[in-house]
Structure formats: structure tokens, C-alpha cells
Amino acid sequence: MSDIIQLLPDHVANQIAAGEVVQRPASVVKELLENSIDARSSHIQLIVKDAGKTLIQVIDDGLGMSETDARMSFERHATSKIKSADDLFQVQSKGFRGEALASIAAIAHIELKTRTPDEELGTCINIEGSSVKSQEVIVSPKGTSLSVKNLFFNIPARRNFLKSNKVELRHVIDEFHRVALAHPEVSFSFHHNENELFSLPKSNQRQRVVHIFGAKTNEKLVPVKENTEVLKIDGYVGKPEFSRKTRSEQFFFVNRRFIKSPYLNHAVVSAFEGLLKDGYHPSYFLNLTVDPKTIDINIHPTKTEIKFEDEHTLYALLRSAVKHSLGQFNIAPILDFEKDSSLETPYHFKNRKALNPKIEVDRDFNPFVKSNTGSSNFVKGSFSQLDTGKTAWDALYHHLEVDLDNEKGTDKNFIQSFESKLENPGLFKDAHAQIEGISHQVDTKYIVKPMTSRILIVDQNRAHQRVLYEKFLKQLTIKTSVSQQLLFPLELHFSKPEMDIVNELQEDLESAGFLFQELQNEGLIISGVPSIISEQEVRSVFEQLISDVEHQVPEQNFSVLDLMAKSMASSIAIKKGQTLDPVEQIHLVDALFACKEPDFSPAGLKTFIIIESNDLEKKFK
């Protein structure tokens, strides 16, 4: 039998590695920005075209590379970050595997221009699909400029899997945020299709958060600071009243590296226990500094997951630090047993004796007895003419006598006289009894309605979503939504990228019934809302809509109107745990079965199930 195992060619190995390292344009942005940070840059410029599909260019003023280093940087496992296996346990830089540039060069057209500060001329290298096309000496500024063009040009199947430009740009912005928040001492600029999206000057952590997420963010932040031998915590959490229905403002940085950790996220959420509304998530921007020897960052190709040596201790410290900050700044109620200075006796009262208060009371005062002057001590009127004693008190209730012992008392006589005026006496009484008998609510989640030889069980949340979805979709399509004017205009604040989404959807939102008084770079003023939406629900509707547009794939929906209808229906639908009276239950069930597609919610989940009598009989066998 002949040998069948062979070494892969370098360009094939690089394409396989690219499948792990480069998943979408945002992956290239992350790697290039981190390389610029490792090069000790003070200013980094990111230029993107067509959400990174056509061009991704990163320009920095860092250390640059020599001619030899520039050529070696595109070889697999070539890195300046580590030299031995022991260095893996003391990694302080962003990248260290030496696979990023080699993987990117295997699936794109690369142009690298770089120069070190002590050299007069720089180097320019052009690479296409791991093949070096040219290398020459050029005149260039200090630092590095790396352009990635035509991503996945030689792997069309991977390019077809990319989402729309809006979705891919959202991922690019997310990666930009993560790097920029971790390094406020570095200035950044971000241009997409020749439009400037961000211009972030050098600043501190708080100012960097405000520059990215808007000026109104400043009043939402609560500082968190804790320094122990095991962990150093520095950063900010958002006040509970500014919590969001999405997790878009949740950032963990460990040794200035962005990570995702559901375990640490649970520690922060538990510190907010009792302060958040159901379905809302806190905002946080937390920097954790630990000993590099106690973490392992080499467990995931993108290095966004970290394994900690002692997670339980970090959990306890993080939870306590956040809880302490919320209490320290009077965000959460606390028990303070220290003496309050405001309750102390003033200094000039120190030697003053305490005096008993003097209260003058006329113990002979009687409101039903005339005074000597001939006028009544009480209000002039019928009471002044009443005799004192029991007779006077009985006279007060003279016209209010009710025979409580008699079944034909005043209350029943009133009801009977009211029903006698109706064409169908007892109509309301019988209808109410009928409604109570045909539906029940179980665990404040499901509506149970008995039918002939079967039982109908309806999920109230999914059912209401279906009802609202079809109603919103109809109004958006034929533009017949009714708006209600707000007595006081409602002002909402969002980040600049979120406001770009609102501007794109403005026409459709107006068709849905929203009236905009003003649209600004970081906020909007609403003067009217759809009649079906209350003023308290407007913020959650916009937050949910922006999140859906950012993260959902538009191609999965029939249109933008369909996406908006789904999002608004999900925001204001009856939630699980909400109590409904019998009339509301029956109305919801009737409205569900009046829909065109009552079987499924807008997300494709079942809205109801039917249990046959045969199934019940099997349960008793």
C-alpha cells in the first residue's frame, strides 16, 4: 500500500488557518488594529470601504518594520512577541501566534508600506494569495500602512457567506469599539466610504466612553475601583435606570484585552439584583488587571476567551466591588450604622436645657353647644339646631338607614332596579359568569380554554406578538397608522451609529405612526407615537429595533417593514408573568384566531397547543 499522508503546501495551510482567524472583515480589522497597538502607536487611522469587503486599511505612527521584518511578517509562525514556551505564560502583547498576516495574505490582496524611525527609506510589499508580487524601497512616513483589498477573492464560497454591508459594518464598528475602549491613551479615527464615523482624541477611560457612546452617557456612569493582591478593578458601570434591553454596552477587558465571559457577566448582574427591570441588562466598562501567569489566553483563535486560574475568587471580588460602588454612590439602598452628622445637636445648643412643650387645650369645648355669645362653636347650619347626646348623633345618619339584616337591602334593590331598566335583565351578570367559566390563566404564562373533547393552551406572549405583528405590518404596508400627540415631547439619546440606523428608518417609522420633531447626531425628539404604543414603551421599542437592525440578517425577513413589525411586536407584547383578567384572556384568544397565521409567532414558534381527550385518558392509565 502506497503512502497517503503528505505535507500540505504552504498556501493551502494558510487558507485553512485563515478559516479560523479570518471569519469576516471585522476579524481583519481586529488583527490589524492590535498589531498597531503592539507597535506602540500614538495615532491609528482605520479606513474601510464597502464594510471591509473592498478595502481595509490601517495606518499608524508606530515603530514600523525593517525590510527583513516586513518580509518575514507574512511567514507562518513568525512573531516578535515570544521566543520560548515560557513566554506564553507572561504574554502582555495582543498577538503572539504569528498567523494573522500570513492568513490574511492567503485570501486577499495585500499592500504593506512601512518605515522605522531611524531609517530614511521604507519598504513596500505587494502580495496576492500568499504569493509575493513585488518588493521595493519607497519613501514613506514613519510607521506602517497596511491595505487589505478584495477579501476572499480566491475563496468565492466564503465571500458568499458574508452578510449585507450593514451587518458587516456593525461587526467592524464593534471591533473598533473594543480596541479603542481598551486604549484611551491612543487617538483613533474611523472612515467608512469616505465618511468619518469616529474621531477619538487621546483621553482617559471615562472620556473615551463618552466620545463613543454620546455625551449623555457621562451622567449614566458609576465608577468602580478596587485594588487587591489578586485582582485590580477599574472602570464604570451604568446606573440601573439607564439599563438597556440589549447587551451592546457590556465590555470586559483583562490586561487591556477584550474578552467574553458569561461567568464574570453573571457576577456583575448579581450585583444589580433587585435594581433592574425584567428583561433589561446593565451597562459596564470594566478593566481587570491580573497576573499574566494566572490566565491562559491561548484557548481560542480569536483570543476573546480566557481561562482563569481561580475564577471563584475573581467572581466574588468583582461582585463585591460593583455592589460597593452602587451603594457608595447611593444607587442601591444600604444599611449605614455610622452616625449621621445631620442628626447631631448644633454647637450653640450644647449647654441649653431641654424644655417641656406647652400646649393649651380647652377641655370644655363642645361643637354642639352654643357659646354665651349666642353663636355656635361649630359650623353654622343644621348641626347647631341638634340636641346633644345620643339623639344628635343618630340624627347624622337619619337619611342613611339601611336594613343590613334584610336580603332585600338597598344594594340589591339598586341592582334590581338597574337591571329592570334593561331589555335583558341579568345580562352583565351572566356574561361575566360565562367568561370566567371558559378560560383560565396558568402560571401567568398560559391561557387554558376548555373546548369540546379537547383543551386549548395558548402562550400569551407569543400569541400577542402574532396579533401585534400582523397589525403593525398592515399599518406599515398601507400607511394607515394613527398617531397620538404627546403633551410633552419625548427626548431619547443614542450613539452616533445608532442614530444612523434611526435616520435610515425615519420614513418607515413615520409610516408606523412616529412623529419626529428633531433628529440630531446623538438623539431625537419625538412629538407623536402610534396609538397602540404607550409613552413608557417608546424607549424599549427603539432600543429593540436598533438592536434587531444591527444584529439580524435583513435577508431573513421579507423587508425592512417586516423587521420593524417583528421588533415592535416583540417589544410591547404581553410578557410572561403578567396577570390577565378573564375578559382580556378571551379577547387575546379571539384576536389570535382572527390572524392570518395564528399557529406560529413572528419568530416561528408555536403559539398554542391542543390536548385531546384521548391524551388525557392516557395520563390516568
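Measuring only protein heavy atoms, the 1.4 Å probe finds LYS149 accessible over about 80 Å². Surface listing: ASP599, ASP364 arranged by accessible area from highest to lowest gives ASP364, ASP599, probe 1.4 Å. Rg and Dmax of the range 472-621, both derived from C-alpha coordinates alone, stand at 18.7, 67 Å. Among the listed pairs LYS166/LYS323; LYS30/LYS142; LYS49/LYS133, a Cα-Cα separation exceeding 31 Å is found for LYS166/LYS323. Surface composition of the range 210-269: carbon and sulfur atoms hold 49% of the protein heavy-atom accessible area at a 1.4 Å probe.
Applying the criteria of a DSSP loop state and at most 10 other Cβ atoms within 10 Å to the GluC sites (Glu not before Pro) of the range 202-303 yields GLU229, GLU273. Across the range 444-453, coupling constants 3J(HN,Hα) worked out from phi with the 6.51/-1.76/1.60 Karplus curve, θ = phi - 60°, read 6, 10, 10, 9, 10, 10, x, 10, 5, 6 Hz, and Gly and Pro carry x.
When only alpha carbons are used to place a centre, the range 157-182 and the range 457-480 end up 32 Å from one another.
Quick check on the range 482-528: take the gyration tensor over C-alpha atoms, sort the square-rooted eigenvalues as a ≥ b ≥ c, and tell me if it's rounded (a/c under 1.5), prolate or oblate. The shape class here is oblate.
Legend: residue pairs LYS113/LYS496; LYS496/LYS575; LYS474/LYS496; LYS239/LYS260; LYS245/LYS449; LYS113/LYS293, Cα-Cα distance threshold 25 Å; pairs beyond threshold, LYS113/LYS496; LYS496/LYS575; LYS474/LYS496; LYS245/LYS449; LYS113/LYS293.
Alpha carbon centre of the range 49-63 versus the range 521-542: separation in Å? If you average the Cα positions of each part, the centres end up 37 Å apart. Within the range 475-574, none of the trypsin sites (Lys or Arg not before Pro) combine a DSSP coil assignment with at most 10 other C-beta atoms in a 10 angstrom radius.
The values are calculated or read from the model by the stated rules, or taken from the named source; none is laboratory data. Not measured: the values here are computed from a predicted model. Here the Cβ is made from the backbone with ideal geometry for all residues, glycine too, and neighbour counts use every protein chain on show. Accessible surface is based on the protein model in full, side chains and every heavy atom, while ligands, DNA and RNA are left aside. Shrake-Rupley method; radii C 1.70, N 1.55, O 1.52, S 1.80 Å.
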